[in-house]
Amino acid sequence: MSDIRIEAGKLRAFMERAFEKEGFDTHQAQRIADVLMQADLFGIESHGAQRMMYYHQNIASGSIDVHAHAQTLRETPVSALMDGHFAMGQLTAARAMETAMEKAKKTGVGLVAVRNSSHYGIAGYYPLMAAREGLAAFSMTNTGPIMVPTFGREMMLGTNPLAFSMPADPYPFWFDASTTVVTLGKVEVYDKRGREMPEGWTIDGEGRVCRDAHAMNASILAGGRGGILPLGGEGETHSGHKGYGLAIMVEALTGVLAQGLLCPQMCGAHGDHTSHFFLAFDPAMFGDAHEIRTRMSEYLQMLRDSEKAPGQERIYTPGEKAHEAMADRLENGVPVEENTLAELRQIARELDIAPL
């Protein structure tokens, strides 16, 4: 299967029309589309247009409530606990990050935990909201069971991504990573392309290496044995136990802290009762904000300028490839896989809107 390039503005407009037809107002549709477009522009295919059918089906089934709004249950000057009431995850998460940012601007730090939410897109979208306003921030979420613990073969943890951003020039430091070797979305992409997965991504129910993306995707969605390995891979030789530990840390700050469902308690691989955690802070608490930003920028440049390994021409810092991908996609269009494009056209038919 090959990719088809679609002009970024055209793809964004399609997403906005689709979400309006699903029942969201214009502002809400724009926010949801913005999160998905950020993923596609940054080259994170698994969380962009590829995710549209998943949302469409969950809205149709009622697991995402188009009319729901997040509610603040507890609040202090520096913290808040929110219940998402199964609203669209992007809307709940954006509100939660905005709350954390408001508190950070007033007190220096803001922390928000959310329960009863839904899939919120790329974790890295929300720290970027804060970085644009001079704040540093973290974002985390749990998901339905996908990861097998170190030395296990039963899915007990989610992809449990964590993201962090801090102001810098020429663009913010930006790190967004799952605590699994890959996300479920990557497995889905390989399944759509009919390709074998690289060795070391997943194991089957017998604990053996599995490279069959279609079989693994079906097994995960059915809640079978086996699953995706922790960041670092199988066992402890390549530090898979560290990815496992990071996933538990994310679970502690999301499902545990927000008193929501834990990964194994959720229904389905993506999870319909996800919990999130957001933390924003003002670097000015520690000194002159401009000097801290300059110091961060200079350090990142030191990394780029450091000695290269044999045969390598460049050292990248986290976020650099994403911003270069965005420049390319804004100029040359967003690559969309053929099967994903077919899904978007199916959505257009079902919602009675103009297709791409």
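Those residues that are in a loop (DSSP other than H, G, I, E, B), open to solvent by 20 Å² or more (accessible area, probe 1.4 Å), more than 18 Å from Thr92 (Cβ to Cβ) and touching a Phe, Trp or Tyr at 6+ places or on another chain (Cβ under 8 Å), I need them from segment 118-175; list them, please.
Pro149, Thr150 - these are the residues of segment 118-175 that are in a loop (DSSP other than H, G, I, E, B), open to solvent by 20 Å² or more (accessible area, probe 1.4 Å), more than 18 Å from Thr92 (Cβ to Cβ) and touching a Phe, Trp or Tyr at 6+ places or on another chain (Cβ under 8 Å).
What are the residue pairs meeting all of these: first residue in segment 61-74, first residue in a loop (DSSP other than H, G, I, E, B), second residue open to solvent by 30 Å² or more (accessible area, probe 1.4 Å), Cβ atoms under 6 Å, and 6 or more apart or on different chains?
From residues that are in a loop (DSSP other than H, G, I, E, B), the pairs are Ser63/Asp272; Asp65/Phe86; Val66/Gly23; Ala68/His85; Ala68/Phe86; Ala70/Arg95.
Could you list, in sequence order, the residues of segment 18-33 that are in contact with a Leu (Cβ under 8 Å, 6 or more places away or on another chain) and under 16 Å from Arg51 (Cα atoms)?
Once the filter is applied, which keeps residues that are in contact with a Leu (Cβ under 8 Å, 6 or more places away or on another chain) and under 16 Å from Arg51 (Cα atoms), segment 18-33 yields Ala18, Glu22, Arg31, Ile32.
Given the residues Gly205, Gly185, which is the only one that is in a loop (DSSP other than H, G, I, E, B) and open to solvent by less than 30 Å² (accessible area, probe 1.4 Å)?
Checking each option against the conditions leaves just Gly205.
Just give me the residues in segment 12-33 being free of Cβ contacts under 8 Å to residues at least 60 places away in the same chain, under 20 Å from Ala68 (Cα atoms), assigned to a helix (DSSP H, G or I) and open to solvent by 40 Å² or more (accessible area, probe 1.4 Å), in sequence order.
Glu16, Glu20, Thr26, His27, Gln30
Filter segment 315-356 down to the residues that are at negative phi, surrounded by fewer than 13 Cβ atoms within 10 Å (Cβ to Cβ) and outside any helix (DSSP H, G or I) and list them by number.
The answer is Tyr316, Ala354, Pro355.
If you go through segment 191-207 one residue at a time, do you hit one that is over 26 Å from Arg115 (Cα atoms) and within 19 Å of the chain's Cα centre (by Cα)?
yes
The values are calculated or read from the model by the stated rules, or taken from the named source; none is laboratory data. Everything numeric here is computed off the predicted structure, so don't read it as measured data. Methodologically, a virtual Cβ is constructed for each residue, glycine included, from the backbone with ideal geometry; neighbour enumeration extends over all protein chains shown. Just the protein is used for accessible areas: all its heavy atoms, side chains included, with ligands, DNA and RNA removed. Shrake-Rupley method; radii C 1.70, N 1.55, O 1.52, S 1.80 Å.
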